[in-house]
Amino acid sequence: MNTFYERVGGEKTFEELVTRFYAHVATNPILRPMYAEEDLKPAARRLQMFLEQYWGGPSTYSEERGHPRLRIRHGGFHIDTSARDAWVSCMRSAVDEMILAADLKQELWDYLEAAATHLLNQPD
Ligand code: HEM
């Protein structure tokens, strides 16, 4: 049986998604200051590797970065509702720009939105 990674189009789909997502992050007043590096490409690559691995593609993320432990890795960032909503909004725009089968798009979106909510670490 094919993995979701394969069904959705493999590496090129994830590369397109994170490229589009980071183009929105680059101009977002809440998110952009949270990224320490001037160049967003290394962060884009980490997110791409993570998503590819999560959906059944190559496990390059864990080979380079170890276990994802996303809640711990995001513990140093102030993720309140507005930061979560900003992330979700940039990702929504990126997903909307992609040409993908509706069922695959929905599955991808449901995961991304739930994952963002899971990373909230500040009370309202
Ligand atoms: C809820 C709002 C979120 C905010 C404000 C946020 C912010 C950040 C920031 C500032 C970084 C550091 C950039 C870097 O060095 O890579 C980062 C890293 C990362 N984020 Fe998020 N993030 C959010 C949600 C998510 C979600 C939902 C996912 C996964 C579906 C995710 C996956 C990652 C990954 C894989 C890294 C790199 C971790 C590493 O290997 O060091 N983030 N995030």
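Remarks
- For the chain, the mean residue ellipticity at 222 nm estimated from helices alone is -19000 deg cm²/dmol, where every DSSP H run of n ≥ 4 contributes -39500 (n - 2.57) and the total is divided by all residues, rounded to the nearest 500.
- Of Arg20, Arg92, Arg65, the one that fluctuates the most in a GNM where the chain has Cα springs shorter than 10 Å: Arg65
- Furthest towards positive pole of dipole, Ser89, Tyr35, Leu17, structure part the range 4-118, Cβ charges: Tyr35
- Cα-only Debye scattering, the chain: base-10 log of I(q)/I(0) at q = 0.10, 0.13 Å⁻¹: -0.30, -0.52
- As a ratio to 2.2 N^0.38 Å, the alpha-carbon radius of gyration for the range 34-74 is 1.18.
- Dipole moment magnitude, nearest 20 debye, the chain about Cα centre, only Lys, Arg, Asp, Glu C-beta charged: 260 debye
FYI, it's all coordinate maths here, none of it is from the lab. On a predicted model such as this, the values are computed, not experimentally measured, just so you know. Quick reminder, even Gly has a Cβ in these numbers, built from the backbone with ideal geometry, and neighbours come from all protein chains shown.
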